[in-house]
1. Provide a single number: the residues in the stretch 34-47 that are closer than 20 Å to Glu88 by Cβ and open to solvent by 70 Å² or more (accessible area, probe 1.4 Å).
2. Any residue at all in the stretch 23-35 that is at positive phi and at pLDDT 90 or above?
3. Name the residues in the stretch 85-99 that are touching a residue at least 12 places away in the same chain (Cβ under 8 Å) and either touching a Lys or Arg at 6+ places or on another chain (Cβ under 9 Å) or over 15 Å from Lys55 (Cβ atoms) (or both), would you?
Amino acid sequence: MKFLIVFVALFALALAAPADKAEILRLDSDVGPESFKYDWATSDGQSANAAGKLKDVGTENEAISVQGSYRFIGDDGVTYEVTYIADENGFQPQGAHLPVAPEA
């Protein structure tokens, strides 16, 4: 009986897995001691890129600053894109689908 339960669970998992695997179309990266950048895209419409660097190196205010974007196709078939800045002020995303906070 345990074998049957495990078999049915694995069969259901196999059916739930995506049929098509995405292929990597582009993959570039460069990582240094004080900066990095990457850029990738897959055949299923996903992509991302970012570049970051250390600011105020060697001081007590040393921080990393990153600018980038990512794109994906949602379950509804719509392509969503987010651009962002992440630095000492936090993660600051922007996208047409994201709500905007009212001015304070």
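1. Selection size over the stretch 34-47: 2.
2. There is no residue in the stretch 23-35 that is at positive phi and at pLDDT 90 or above.
3. Asp87, Glu88, Gln94, Gly95, Ala96, His97, Leu98
The values are calculated or read from the model by the stated rules, or taken from the named source; none is laboratory data. Quick caveat, the model's predicted, so the values are computed rather than measured. Please note: Cβ atoms are built from the backbone with ideal geometry, for glycine as well, and neighbour counts cover all protein chains shown. Surface accessibility is based on the protein's heavy atoms, side chains included, excluding ligands, DNA and RNA. Shrake-Rupley method; radii C 1.70, N 1.55, O 1.52, S 1.80 Å.
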